[in-house]
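These notes are about the structure you will find just below.
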Amino acid sequence: MPLLYRLYVAFSMVLLPVASALSISKLRKAGVSPERARERLGHASAPRSEGTLIWFHAASVGESLSVLALITRIGALLPQAHFLITSGTPTSATLIARRMPPRCVHQFAPLDAPGPLKRFLTSWRPDAAVFVESELWPQMLRRTRATGAAMALVNARLSESSLQAWAKRPALAAYLLDVFDLILTQNDAMSDAMLRIQAPASRVVRGENLKSFAAPPPRNEVLIDDARSALGERSTWIAASTHAGEEEIVLAAHALLRERHPDLLLILVPRHPERGGEVARLIAAAGLGYTRRSTGALPADAVYLADTLGELGSWFALSQIVFLGGSLLPIGGHNPFEVAQSGATVLSGTHVFNFAETYEAIAQAGAARLVDGAQDLAAQVDTLLRDAKDRKTAVSAAEGFANAEAGKLDAIATQLITALRLA
């Protein structure tokens, strides 16, 4: 047992009172009930189902949603299995609840300290544990392994800074990565990187980016019908999952487009709905009229500000032209697969390094186009609006790409079932 690990355990015990108070306070401020907030201390708020339990742990919203399709597929192959998914944020909990696969329960992840982990593992007794992307909490990994559970790391992705940090601590890295029976990376480069930080070579396998297989976001058919009635014959395009600094570019593009298409509507969906007030001020500053979903209004002006959570699938149903944010600035991009599944073609900025392989493939298929700046974005949207044949070809390519990618999920599910000794 490396000295650094022993020191980490000691520090976690000292810091637990402060960490637990801050974590629970944050959840309570977000409207989480006291009972559910105590899950961070390892107190289960739901009973464990009898039989095989497979635990999936994912930190962020994107990571959480990326594994739901995989859980659904494994559930179909193992009809007697039950699933536990843990995450750390109220937003992830809300979205997971809306898309929960069968035989699945969500809990907030326990803090990485002896007490919370002991309570959590005693309550849930997972037969297998699957960790997603970069969630390498030292005690969580080692204490889970000590229970005898089989373990896998999927969609493995570490930042360059994280890789450098682990490279400076090879004994600790080897100690932690040794817990995994299988490490599925997002690409060949990450496979090589995992080997450099002491991952067991025989257990590292190049996989796929699970975010490419995310199930399509849920749709509200009543909302879709109401929005379509409000839109009438108006042409519409969508800018989804935009971040601070991107809305100005999108709004400038929309202003250019309205010179050629005076009745054109933009549905603007910020990545974080709590930025709705800020984005509304940007729209007004751009001289564009708008209505807001958060007030209950329907599309009625130049811009419809969709500042609510969990309704992206409904907005995707309203246009075949979708721009995905997080890409005009070096943020890394967002998942184009959901758009392709929804029957739309994808526009994106060039900063898509979090989905580099996916964008390369979807662009080669003719289902996505990369843009650079407001004028380029306006030009691409204008082309798709004016040329129905071009738009139809792009949408067909997107649907074909989505169908081809979905088949790869079966191979990953089977690989995990074998590695985790579940069949």
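Scaled to the globular estimate 2.2 N^0.38 Å, the Cα spread of the stretch 343-382, given as radius of gyration, is 1.14. Measuring from a point 7 Å past the Cα of Leu7 along Cα-to-C-beta, which residues in the stretch 142-168 have an amide N at less than 20 Å? The answer is 142, 162-168. Mean-square fluctuations from a GNM of the chain, with a 10 angstrom spring cutoff on Cα atoms, peak among Leu15, Leu153, Leu136 at Leu15. The modelled label-to-label distance between Ser159 and Asn220, using points 7 Å beyond Cα along the C-beta direction, is 3.4 nm. Based on every Cα atom in the chain, Rg and the maximum pairwise Cα distance Dmax equal 22.6, 68 Å.
Order these peptides, 165-175, 114-124, 225-235, by their mean beta-carbon neighbour count within 10 angstrom, highest first.
114-124, 165-175, 225-235
A straight line joining the Cα centroids of the stretch 114-177 and the stretch 38-96 runs 16 Å. Simple rule: put +1 on each Lys or Arg Cβ and -1 on each Asp or Glu Cβ in the stretch 340-423, find the dipole, and look at Val395, Leu347, Ala363; the Cα lying farthest toward the positive end is Val395. Summary of packing: across the peptides 70-81, 358-369, the per-residue average of other C-beta atoms within 10 Å ranks them, highest first, as 358-369, 70-81. Long hydrophobic helices in the chain, taken as whole DSSP H segments with a C-alpha length of 30 Å or more on their own axis and mean Kyte-Doolittle hydropathy at least 0.0: 3-29.
The calculated FRET efficiency for the pair Glu360 and Ser25, based on their C-beta separation and a Förster distance of 41 Å, comes to about 0.40.
What net charge do the residues around Arg125 carry, taking every other residue with its C-beta under 15 Å from that of Arg125, with Lys and Arg at +1 and Asp and Glu at -1? Write out the running numbers ahead of the final one.
Details: positive: Arg48, Lys118, Arg119, Arg143, Arg145; negative: Glu50, Asp127.
That sum, taken over residues with Cβ under 15 Å, equals +3.
Does the stretch 221-406 come out rounded, prolate or oblate by the C-alpha gyration tensor, with a ≥ b ≥ c the root eigenvalues, rounded set by a/c under 1.5 and, if not, prolate when a/b is larger than b/c and oblate if not? Note, shape of the stretch 221-406 comes out rounded. Full extension of the segment from Ser229 to Ala388, taken as 0.36 nm per residue of separation minus the current Cα-Cα distance, would add 55.0 nm. Normalising by residue count, the stretch 3-207 has a Cα convex hull of 118 Å³ per residue.
Neighbours of Arg145 by Cβ distance under 10 Å: Lys/Arg scored +1, Asp/Glu scored -1, total 0. Between Lys168 and Ala252, the modelled labels are 3.9 nm apart [label points 7 Å from Cα along Cα→Cβ]. With point charges of +1 on the Cβ of Lys and Arg and -1 on the Cβ of Asp and Glu, referenced to the Cα centre of the stretch 221-406, which listed residue (Ser235, Trp315, Gly277) lies farthest in the positive direction of the dipole? Among Ser235, Trp315, Gly277, the one farthest towards the positive end of the dipole of the stretch 221-406 is Ser235.
What is the projected area of the convex hull of the Cα atoms of the stretch 147-269, averaged over all directions, in nm²?
It is 12.5 nm².
The loop-placed GluC sites (Glu not before Pro) in the stretch 46-145, going by DSSP, that have at most 16 neighbouring Cβ atoms within 10 Å of their Cβ come out as Glu50. Electrostatic tally near Leu231: other residues with Cβ closer than 15 Å to its Cβ, Lys and Arg +1, Asp and Glu -1, net -2. Estimated from helical segments only, the mean residue ellipticity of the chain at 222 nm is -14500 deg cm²/dmol, where each DSSP H run of four or more residues counts as -39500 (n - 2.57).
We did not get these values from a lab; they are worked out from the coordinates using the rules stated. Owing to the predicted nature of the structure, the values given are computational and were not obtained by experimental measurement. FYI the Cβ positions are ideal-geometry reconstructions off the backbone, even for glycines, and counts take in every protein chain you see.
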